[in-house]
Amino acid sequence: MAAQNPKKQPKSKKLNLNTKSQWKNILKDVEKREVPIHVLEKLIVALKDGTQVVVDIKRLLAEGNDPDEVELHVNTRLEELDNYIDNVDFFVDIDLVEATVQPETDKLLSKL
């Protein structure tokens, strides 16, 4: 007589999205193909010759520059310099991401 295998119950895990560290973990695991310009703090562009260029996106936006124009300018410059670029690091404003996403997350989860 074969032993019966009881069906495993799916494990549940408490989801708490209210702390900055948890948002950092979520963002770390998300595949990022495009990042909205308004949530960026800065870019650090590492060139092949060892030079690093910091682009302070947060300051540019705070000075009143149009986000679409900043994004277009940054993208154009990155494309023009592509052959000289070794790496680009994007730094995201976690507080702004949380403030932007949390209301939608709350709305979605309230329907469960």
Practice item. Show the residue pairs that are 6+ apart or on different chains and have beta-carbon atoms under 8 Å apart, the first residue being within the range 74-93 and without any contact (Cβ under 8 Å) to a residue 60 or more places away in the chain, the second being in a helix (DSSP H, G or I) and surrounded by 15 or more Cβ atoms within 10 Å (Cβ to Cβ). Key: VAL74/ILE37; VAL74/ILE57; ASP93/VAL39; ASP93/LYS58
Practice item. Just one of (1) under 13 Å from HIS38 (Cα atoms); (2) modelled with pLDDT of 90 or more; (3) touching a strand residue (DSSP E or B) at 6+ places or on another chain (Cβ under 8 Å); (4) not aliphatic (A, V, I, L, M) trips up LYS48, so point out which. Key: (1)
Exercise for review: Just give me the residues in the range 38-58 being in contact (Cβ under 8 Å) with a residue 12 or more places away in the chain, of a type outside the set (Val, Ile, Thr) and not in a strand (DSSP E or B), in sequence order.
Suggested key: HIS38, LYS48, ASP49, ASP56, LYS58
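The values are calculated or read from the model by the stated rules, or taken from the named source; none is laboratory data. Since we're looking at a predicted model, the values are computed, not measured. So basically every Cβ, Gly included, is an ideal-geometry build from the backbone, and we count neighbours across all protein chains shown.
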